[in-house]
Structures are given as structure tokens and as C-alpha cells.
1. Calculate log10 I(q)/I(0) of segment A:131-193 for q = 0.13, 0.20, 0.26, 0.28 Å⁻¹, where I(q) comes from the Debye formula with a single equal point scatterer on each Cα and nothing for solvent.
2. If each residue's Cβ is checked for other Cβ atoms within 10 Å, how do A:74, A:332 rank with the fewest at the top?
3. What is the dipole size for the protein assembly as shown, taken about its Cα centre, with +1 at each Lys and Arg Cβ and -1 at each Asp and Glu Cβ, in debye to the nearest 20?
4. Residue by residue through B:43-49, how many Cβ atoms from other chains fall within 10 Å of the Cβ on average?
5. Between segment A:229-294 and segment A:178-198, what's the alpha-carbon centroid distance in Å?
6. Please list, or write none, the lysines whose alpha carbon is within less than 16 Å of the alpha carbon of residue A:320, excluding same-chain residues fewer than 8 places away.
7. Kindly flag which residue pairs out of A:66/A:293; A:42/A:76; A:157/A:209; A:29/B:75 have an alpha-carbon separation exceeding 32 Å in this structure.
8. Lys and Arg at +1, Asp and Glu at -1: add these up for the other residues within a Cβ distance under 13 Å of residue A:152 and post the number.
Amino acid sequence: MAFFSIPHTRIAGISTCVPKNIVANKDYKWIGAKERELLIRKIGVAEKRIVTKGMTASDLCFEAGKKLIEDLNWNKEEIELVIFVSQSRDYLLPATACILQDKLGLPKSCLAIDMNLGCSGYVYGLSFMANYIAHCNIKKALMLIGDVTPLASYRDKTAYPLFGDAGAATALEYDEKAAPMHFNLMSDGSGYEAIIIPDGGMRNYPTKKSFDYKSYGKGIIRNKLQIALDGYAVFNFSLREVAPNVNAVLQHNNISIDTVDYFLFHQANLLINEAIRKKLKLTPERVPNSLNKFGNTSSASIPTTIVSQIQQQVTSQKLKMLFCGFGVGLSWGSVVVETENICCPDVIEL
Amino acid sequence: MNIEDFILKIEDEFEDLVPHKLKPESKFREIFDWNSVNALTMIAMVDCEYDVMLVAEDFQKSKTIQDLYNIVLAKSAQ
């Protein structure tokens with residue numbers, strides 16, 4: 001089931017929260033000045049926001065969710081579904097969504113569930129929520145989504161300069177008149193090692209050795225509880241799969257690419273995103289980008305890009321947008337959505 | 001598709017290169033300050049311009065610009 005459409009679901013609002021703490025890549029001293037300049041230019045990340053000690057993805061999501069509920073003037077008692085999409089959850093167990101349900105003051109009748117996805121998570125999360133709304137008589141739902149980067153080693157030049165922290169919230173509600181959301185979701189677990197934290201789960205339960213730092217090449221030192229990126233594999237995957245996935249969802253639903261106002265891609269890095277944009281022959285104006293100020297914010301990159309780059313447009317216009325997430329899993333997917341005058345508060349800082 | 005065009009496209013992509021310095025026999029690890037970022041830049045350029053996907057092994061078994069061009073040519077014929 002790659003393609004499916006879900007009716008009667010409207011995006012009511014989107015918010016995002018980032019840490020106040022700004023980390024500029026010009027100050028990344030682990031590599032030399034020349035390589036640093038090249039890296040900043042090619043990955044497109046001048047600065048990003050990084051959590052301070054003790055702050056988690058769920059803290060950022062909580063603030064984003066709280067603000068969105070307030071601005072929408074939603075009655076919390078009417079929220080019947082909350083999902084937390086993240087690969088940096090608070091605990092191995094329990095599910096962080098349950099903690100957020102209570103912290104946000106949502107009723108016990110609220111279904112709470114975690115979804116363990118990263119870069120593709122926003123599109124998958126929307127499909128999950130929209131299905132509940134369209135088919136399970138749920139009227140209001142909240143997606144909380146985000147990741148934080150203590151998972152990246154400072155001494156790993158392939159990971160540390162890239163990632164930033166953010167947590168976002170998206171409110172969905174039942175609307176008889178809403179245009180259908182059109183999805184195309186895909187997975188390929190044969191590439192699971194392309195982006196991986198090898199230890200810490202049940203497959204490789206953490207031991208003392210998990211904390212040992214090892215060199216994996218010039219400028220790449222990390223331990224097995226930190227994220228490992230196979231840059232070539234991720235790059236090849238992104239160039240191979242993303243554009244066809246986008247074209248397929250458009251063609252399957254007889255949507256002309258010219259009628260889509262904005263394409264919101266997961267913010268992988270500038271090299272990848274520019275290559276995808278060029279393959280699809282899209283002008284930069286139709287492809288908002290938040291890499292420069294926020295970096296790759298993983299699961300939160302699509303909502304963070306919407307709030308930081310096209311806030312004025314989404315709050316005042318009727319838009320057709322395509323969201324496309326791709327990465328860890330490997331997992332990827334696109335959705336075409338139509339929005340009109342959604343609630344979108346300014347980027348929140350914590 | 002020819003080697004001259006391939007070289008021009010590389011020179012366009014890598015703004016630090018001195019124009020007309022790059023030759024088919026140039027060893028790309030010597031011409032560039034070769035690193036993974038430059039390799040990924042090359043992959044992106046070749047994908048966009050020739051619809052061919054270079055992979056890490058292609059760089060490992062290549063020394064010169066001509067070697068890379070030959071791989072692109074062979075893959076584009078597939």
C-alpha cells in the first residue's frame with residue numbers, strides 16, 4: 001500500500017520550539033578553517049540550536065504543543081489522540097506520548113502513542129493521525145515531533161555540524177469539507193545501517209565498551225551510543241528515491257507539479273536538497289529551506305521550515321503543499337495537503 | 001557527452017578550481033583537497049547532469065578524471 005488518500009482531515013495549526021542556545025559552525029574547531037568553510041557552504045548550515053543539559057525533545061514539543069492549543073483556543077477535553085514522533089524519547093519505557101498527555105493536561109480518554117521514526121516521521125505521523133480522524137471518529141488530534149542531538153559526537157565531522165534540535169506540534173481536526181491528503185509511503189530496511197546508533201537497544205544492549213571512542217577516519221571519532229552516518233549511502237538513497245516518490249504521488253493523483261505552491265522537504269543538507277530540487281526542476285522560491293539557521297532538525301525539519309520560512313503564507317492563504325520526509329530506516333514518503341489560514345505562531349524559544 | 005564537457009561541468013561545480021587546469025589525466029585527489037564533501041558534490045553534479053549515480057566504490061577504483069568519466073559513460077549506457 002504505497003498510495004492512499006485520507007479525506008475529512010484538516011491541518012488546523014503548526015508550531016515549533018527550538019532551544020535558545022545558538023551554536024555556530026564557524027566556531028566548530030574540531031576541523032581546520034578551510035574544511036570548515038567548505039562544510040558550511042556545502043551542507044548549508046551556518047548555525048543551529050542545541051539543547052542545554054537536561055532539556056529533551058519532549059520539552060521542546062511540550063512548549064510547541066501548549067502554545068498551539070492556546071492559540072487555537074482548543075478545549076483540551078476534545079483532544080482524543082496525541083502521538084510523539086521521535087528517535088530521542090525521554091525513556092526506553094514508558095512511551096513519552098503518555099507523559100506528554102498528562103503534562104499537557106489532556107484527558108485520560110486521549111489515545112497516546114510513540115512513533116519511532118526520524119526524518120520521514122512527519123509524513124508518517126500525519127498519515128497515522130489522519131487515519132484515526134477519518135475512520136475512528138476522533139475529532140481533534142495533536143502530533144508532537146522532534147529530536148535532539150546529544151546523540152551526535154562532537155568529534156564526528158560527518159554528524160555534529162549537521163544536526164540541530166527542535167520540537168514541533170501539528171494540530172489536526174475533522175473537517176467534512178477538507179480536501180483529501182494523498183500519501184505515498186515507502187521503506188527499505190536493507191539500508192538500516194546507513195543511519196544507526198548501534199548500541200543501547202535490545203540488539204546490542206549497552207556495555208562499558210559501548211562508551212569507548214573509536215576513529216572511523218579523519219575527523220570521525222564516536223562511540224557506539226552515538227549516531228553513525230554512512231554519507232555515501234544516505235546520499236545515494238536520497239538522490240535515487242526522493243524525486244521518484246514525489247513524482248509518483250503527484251501522477252497517481254493526477255496533480256500537476258505546477259499546481260503545488262510549496263515543496264517542504266526534510267532538511268537533510270543543502271547538497272542533497274539542492275540536488276533533489278534540481279531533479280524535480282523546481283525554483284528555489286517554491287522550496288523553502290531552514291538549514292542555514294536551524295540545521296538538520298531531523299523529524300521536526302518540515303514543520304520547523306514551515307513556521308520559520310512561510311509562516312505569513314500559511315496563515316493567510318489557501319495553499320497546496322507537498323511534504324516529503326526521507327532518511328533513517330530507511331524510510332521515506334510524501335503527502336500532498338491543502339491548507340487554508342492555519343494557526344502558526346512565531347518560532348518559540350526555550 | 002564528451003570528456004571536455006564533463007570537465008567543464010566539474011569546473012563549474014567546484015568554484016575553487018582554476019579554469020582550464022583540469023585535464024583528463026588529472027588525478028582528482030591531487031587537484032582537489034579531496035574529502036567526502038567534495039565526493040558528494042561530484043555525485044550530485046553527475047546525478048543532475050547525466051542522470052548517473054556514482055557510488056563510493058567508483059571513487060575508490062578511480063584515480064583520474066578520465067577514470068571517473070569512463071564510469072559515468074559506462075553507467076549512462078546501461
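Just so it is clear, none of the values below were taken in a lab; they were calculated from the coordinates. What you see is a predicted model; the values in this text were computed from it and never measured. All Cβ positions, even for glycine, are placed from backbone atoms using ideal geometry, and neighbour counts span all protein chains on display.
1. Evaluating at q = 0.13, 0.20, 0.26, 0.28 Å⁻¹ gives log10 I(q)/I(0) of -0.66, -0.96, -1.11, -1.16.
2. A:74, A:332
3. 960 debye
4. 6
5. 14 Å
6. List returned: A:177.
7. Violating the 32 Å Cα-Cα cut-off are A:42/A:76; A:29/B:75.
8. That sum, taken over residues with Cβ under 13 Å, equals +1.
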